[in-house]
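The values are calculated or read from the model by the stated rules, or taken from the named source; none is laboratory data. What you are looking at is a predicted structure, and each value in this text was computed from that prediction instead of being measured. Note: ideal-geometry Cβ built from the backbone for every residue, glycine included; neighbour counts use all protein chains shown.
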Amino acid sequence: MTPADEHPSAGTERTALAPLLASAAADLEKAGVDSSRAEAEQIAAHVLDVHRGRLALIDTVRADEQRRIADLVARRATRVPLQHLLGTAAFRYLELAVGDGVFVPRPETELLAGWGIEHVRPGATVVDLCSGTGALALSVAHEAAPGRVVAVERSPAALVWLRRNASAYPVVEVVPGDVTDPDLLAGLRGGVDVVLCNPPYVPDGTAVPPEVADHDPAEAVFGGADGLTVIRPVVGLAAGLLRPGGVVGIEHDDVHADAVPALLGADGRFTDVTGHRDLSGRPRYATARRR
């Protein structure tokens, strides 16, 4: 008996899964969706409530399952983000709840998360600025042994998702706040070990995919004319929060390979300023250590 056969019967009509997946992938490719086959399989696995790797064990699906797959494929073809359709976004070892009003975390940010985790010693205090879904904060809480993680987010809509995701991690404290406020987290000044930030950094007017333009909150994507409107105050805020020897990591646009390290260097309170590239070789984030 295959996994699909274990579902309660909804009639005798069944459809072969293999051609259904091929058709779905073709529709998504025609709509301009990258990795169309993989996304068609993810949609089918979601509807059938099986791991994607077990799809090969399923020969046919029920009529109602076929309709649900077709409906989700049709919505994805209009460039609704796959993560919105599935209700979750994979990030490192986490499945984060996502939906309208919050930025969907990208795989590239996993590199910054990994860097931060490497610098978290047991009992450390970590601050995640512009937290969104909590991807950075929760990855730290999940994979390291911090004493306290403070996740800061300004958007009321994003805070709903952040609180939902953080509810399983008592070490994570959600704080509503604006990272451009120099008095933010005043009680932690000089006592933070690691600051991480994935701010809005895309320069205004930059062309972005429909998934971003139509579904990600603009305030979580665009960072002013040069993309640095939020990063500039974050540099100063991080310098004030960090203890001597503490570290900061800031994600940035690939046009900021020189600009963000320059801002960190110009502040005067940092050393070991370093630019980092992603797996495709594009400038992705900058790090520094508090003097």
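So, in the range 61-73, exactly how many residues are in contact with an Asp or Glu (Cβ under 8 Å, 6 or more places away or on another chain) and part of a helix (DSSP H, G or I)? Selection size over the range 61-73: 2. With respect to (1) touching a Ser or Thr at 6+ places or on another chain (Cβ under 9 Å); (2) under 30 Å from residue 130 (Cβ atoms); (3) among the hydroxyl-bearing types (Ser, Thr, Tyr), the lone exception for residue 60 is condition (2). Reported count of residues in the range 235-274, each being out of contact with any helix residue (DSSP H, G or I) (no Cβ under 7 Å at 6 or more places or on another chain), in a strand (DSSP E or B), surrounded by 14 or more Cβ atoms within 10 Å (Cβ to Cβ) and among the small types (Gly, Ala, Ser), is 1. Tell me, yes or no, whether the range 158-177 has at least one residue that is within 30 Å of residue 226 (Cα to Cα), among the aromatic types (Phe, Trp, Tyr) and outside any strand (DSSP E or B). Scanning the range 158-177 turns up at least one residue that is within 30 Å of residue 226 (Cα to Cα), among the aromatic types (Phe, Trp, Tyr) and outside any strand (DSSP E or B). Given the condition loosely packed, with under 15 Cβ neighbours inside 10 Å and at pLDDT below 95, answer yes or no: does some residue in the range 203-213 qualify? No, the range 203-213 contains no residue that is loosely packed, with under 15 Cβ neighbours inside 10 Å and at pLDDT below 95.
If only residues of the range 77-133 that are of a type in the set (Ser, Thr, Tyr) and within 30 Å of residue 245 (Cβ to Cβ) are counted, the one that is surrounded by the fewest Cβ atoms within 10 Å (Cβ to Cβ) is 93. Flag set for residue 137, criterion: within 16 Å of the chain's Cα centre (by Cα) and either part of a loop (DSSP other than H, G, I, E, B) or within 17 Å of residue 178 (Cα to Cα) (or both). Within the range 155-172, the residues that satisfy the criterion of being in contact with a helix residue (DSSP H, G or I) (Cβ under 8 Å, 6 or more places away or on another chain), without any contact (Cβ under 8 Å) to a residue 60 or more places away in the chain and not β-branched (Val, Ile, Thr) are 166, 169. Suppose the filter is touching a residue at least 24 places away in the same chain (Cβ under 8 Å), surrounded by 23 or more Cβ atoms within 10 Å (Cβ to Cβ), more than 30 Å from residue 32 (Cα to Cα) and hydrophobic (A, V, I, L, M, F, W, C); does residue 231 pass it? So residue 231 fits the description; yes.
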